[in-house]
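Right, one structure below, let's go through it.
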Protein chains: 2
Amino acid sequence: MHKLAIYHLETLLWIARLGTFRAAAERLHTTQPAISARVREIEGQLGVAIFRREGRGVVLTARGRQLVQDCEPLLAGLESALLEAGNHAGAAGIVRIAAGEIAAATCLPQFASAIGKDLPGVTLHIDLDLTARMLQNVLAGTRDIAFLAGPVASPGLRTAPIGAVDLTWLASPSIAKENRLHSDIPIWSVGEHSPIHRVTCESLKAAGLPVRAINTCNNVEAMLGIVASGAGAAVFPKVMARRLIETGQLAEFHTRPKSQLRFEVAIRSNETDPVVLELFRRAAHLSVAG
Amino acid sequence: MHKLAIYHLETLLWIARLGTFRAAAERLHTTQPAISARVREIEGQLGVAIFRREGRGVVLTARGRQLVQDCEPLLAGLESALLEAGNHAGAAGIVRIAAGEIAAATCLPQFASAIGKDLPGVTLHIDLDLTARMLQNVLAGTRDIAFLAGPVASPGLRTAPIGAVDLTWLASPSIAKENRLHSDIPIWSVGEHSPIHRVTCESLKAAGLPVRAINTCNNVEAMLGIVASGAGAAVFPKVMARRLIETGQLAEFHTRPKSQLRFEVAIRSNETDPVVLELFRRAAHLSVAG
DNA sequence: TCTGATTGATAAGAGTTGCTGATGCACAAG
DNA sequence: CTTGTGCATCAGCAACTCTTATCAATCAGA
C-alpha cells in the first residue's frame, strides 16, 4: 500500500476534477495509458475499485469519492510542505533555541521579532532552562542555539557577546528609602550558579557587608514579586524591573554593583547547518543594552 | 518532486523518530542501503539537505525538522484514508442522496440513522431538491439515490416503494372549527408538479368545491406556518403537522382526501456500485407509515 | 593508543516499475 | 452506418529500487 507515490493520488484528484482519464493526462502532461496504469496501480494496492467503467467513461465509486474527498486537503498540505522545504530562497526550518530566564526576558523578544520579520520561513522552538542543562543540550545537539547570561566557555561551544544590561539593587520603597544597604535587610538572589549571584556577593563585600545566608529563588520574575512585597533586597537587571519601578512597587538603592550582566549566544563549535549559522550571525549582531 | 512515494516520507519520519538509518531500516523491514537511497532520493527531489552527516550518525537540519513536523500529521491522515478505502469489510464510501422536502422530513431521518448505525463506513451527502431536478441528477449520475413522493417512472430509473403517509386537510382552529371546507376558505398547495397538488385538486372536486385559483408555496414547512397563521386550508402529510396539531396551532377537517402520499426510492437502472445497491436494498425495506 | 563495534556511503547486478506509442474495443452522436 | 471519443491492452525501452558485499569514518573500551 505504501508503494503509492504522491503523483498517484494527485492523478486521482485530477481525474475526479476533470472527469476523464484523457483530460487528466493532458493536465498532468502525460499520456492516457500512463493514467490508466496509475489508476490500475492504485486500485491494485488498495484492493478496491475506485472507478466504475461506465459506457465510454468512468465515474467514481462511493469508496472512490470518499478517498478523493479525504485525500484532497491532505495532499494540498503535503504539497505545500514539500514546496516549502524545497524552497531555496532564504533560510527556512525549525531552529531549537534554549534560553535562560533573564536572557529570555531581555534579548529574545527583539531577536524573535526580527527573525519573524526578516526570515519568515524560520520557525523558532524556544525552551527556557537552566544554564547547565542548556549547554548540555546544545553540546548534545538537542538544541541549536542558546541565549544565556554570563560568560561561558567550553571547547565544544562557539559563543558571541550580544550586549549587557545594568544591574541594580532593588527593594520595596519602604526598605529602599534609607538608600543604604545594611545588615538587617534580608538579601535575595537567584541560585548559586547564576552570574547575578556572583555580582550580588561581590557587591555585598564592596559595601562592607557580610555575605550571610542568602535567600534564593530560581526564578527572577517570581523573585521580583517577592522583593516587591517587602521581603528584602536583591540585585536585578534594571530592564526587567522597569515596570515595577515605574509603578512605585520597587525602588533603587544608591549603592550600585559595578558589573553589568553580559549576555552571550552559543552554538556548537562544529555546527554546519546554514540556517543555524545564519541565526547565530544575526544574534551576534544584536546589541542589547539597558 | 512528485516522484516521491508515501514510503519515502514514512522513511523520513522513522529516521527522525529512531535516530539512525539502521534502526529505521529494521523498523521498515528493509536494508540500510535502501534507506540511504531513499533519503538521497528525497534530498535530490527537494534539492536541499534533510540530514547533516555528523560523526558516525546523522541529524536533521533545520529544514528537515520542519519537513518532518509538517509531514507527520498529514501522513497519518493519508494512511488512515488509504486504510479506510482499502478496508474490504462492509460497505464504505460517500453516497449522494437527493430527496424531496416531504420525503426528507418523513423517510430520511430513520434511514440516515439506520445507515449510521449499521454501516458506519458510509457517509451520506443529502441534497434537497425538486423532483424534476432530482431525477435528472440521478439519471446523469450526479446523485446516486433519490427519495421522493409520488410514483415516478422512467426507463433509466429503478424504483421501489417505501411506504405511504396519510394526507389530511388542515387549517388554523378558527377556520377548521366549522369542520367543513367551503368556497370562502383560501386554498393552499405546493407547486403544480407535486403529487400533493393533484390530491388537493381531486379532494376539492370530490367535495363539490370549485378548483379555483390556488395559492402555492414550494416549501411545505413554510406553508405549514402560513396555514397555521390563518391564511387558509391545505392538504398536508399528517406526520409533518403532528407537532402543530398537538399544540393546537392547526386542526383537521372532517373531510379527508382518499389517497395517501406514496414514497419511492430511485436509482439508475444500470447502477452497479455495490454500496449504492446495498443502500437501495435497505431503503426498499424501509416501511414508512403514518 | 590500539582494537573492535557501529554507522553510513558506495558499487554491481538483478528484478521491477513506469512510460510511450500503437492498436483494439465499446459507446455515443450525426 | 459511420465517425469520433474514451479507456484497455500490449510490447519495447528506460529508469529506478532493492540486495549483497565492501569501504571509510567514528567512537568506546582495553
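The value of relative contact order for segment A:1-149, using C-alpha pairs under 8 Å at least six residues apart, is 19 percent. Take B:ARG56, push a point 7 Å out from Cα through the beta-carbon direction, and compare it with the same point in every other copy: 6.7 nm, smallest first. The fraction of all Cα pairs in the protein assembly as shown landing in successive 20 Å bins from 0 to the largest distance is 16, 27, 23, 22, 11, 1, given as whole percents.
Largest accessible area first, the residues B:GLU10, B:GLU26 order themselves as B:GLU26, B:GLU10 under a 1.4 Å probe with ligands, DNA and RNA left out.
Under the definition of partner shielding as Cβ atoms of other protein chains within 10 Å of a residue Cβ, what is the mean value for peptide B:65-73? Walk me through the numbers on the way to the answer.
Values: counts 9, 11, 8, 3, 5, 9, 5, 1, 2.
The per-residue average across the peptide is 6.
Distance distribution P(r), segment B:6-86, all Cα-Cα pairs, bin width 5 angstrom from 0: 3, 15, 26, 26, 18, 8, 3, 1, 0 percent. Distances, shortest first, from the label point of B:HIS2 to those at the same position in the other copies read 2.3 nm; the point lies 7 Å along Cα to C-beta. Summarising the label geometry, the points placed 7 Å from Cα in the beta-carbon direction at A:LYS3 and A:LEU128 lie 5.4 nm from one another. Normalising the average separation of contacting C-alpha pairs (under 8 angstrom, six or more residues apart) by the number of residues puts the relative contact order of chain A at 21 percent.
Counting partner chain Cβ atoms within 10 Å of every residue's Cβ in B:265-273, what's the average?
Working: counts 0, 0, 0, 1, 0, 2, 2, 5, 10.
Average per residue, whole number: 2.
Loop-resident trypsin sites (Lys or Arg not before Pro) (DSSP state other than H, G, I, E or B) in segment A:251-290 with no more than 16 further Cβ atoms inside 10 Å of their Cβ: A:LYS258. The orientation-averaged shadow of the Cα convex hull for chain B, equal to a quarter of the hull surface, comes to 21.8 nm². Averaged over the residues of peptide B:74-82, the number of Cβ atoms from other protein chains lying within 10 Å of each residue's Cβ is 6.
Largest GNM mean-square fluctuation among A:ALA49, A:ALA241, A:ALA114, using chain A with Cα springs under 10 Å: A:ALA49.
Per residue, the average separation of C-alpha pairs within less than 8 Å and at least 6 apart gives segment A:122-204 a relative contact order of 16 percent.
In a simple Cβ point-charge model (Lys, Arg +1; Asp, Glu -1; nothing else charged), segment A:99-208 has a dipole of about 140 debye relative to its Cα centre.
Here the chain B residue lying nearest the rotation axis onto A, judged by its C-beta and given with the distance in whole angstrom, is B:ALA5, 2. Going through the cross-link list A:LYS117/A:LYS238; B:LYS177/B:LYS205; B:LYS117/B:LYS258; A:LYS117/A:LYS258, which pairs have a Cα-Cα distance over 26 Å in this structure? As for pairs spanning more than 26 Å Cα to Cα, those are A:LYS117/A:LYS238; B:LYS117/B:LYS258; A:LYS117/A:LYS258. Sorted shortest first, the separations between the A:LYS205 label point and its copies elsewhere in the assembly read 11.6 nm; each point sits 7 Å from Cα along the Cα-to-Cβ line. Against the main long axis of the alpha-carbon atoms of chain A, helix A:62-86 sits at an angle near 50°.
Each Lys and Arg adds +1 at its Cβ and each Asp and Glu adds -1 at its Cβ; summed about the Cα centre, the protein assembly as shown shows a dipole of about 460 debye.
The values are calculated or read from the model by the stated rules, or taken from the named source; none is laboratory data. Everything quoted here is computed from the prediction, not taken from an experiment. Note: ideal-geometry Cβ built from the backbone for every residue, glycine included; neighbour counts use all protein chains shown. We work out accessible area using only protein heavy atoms, side chains counted, and drop any ligands, DNA or RNA first. Shrake-Rupley method; radii C 1.70, N 1.55, O 1.52, S 1.80 Å.
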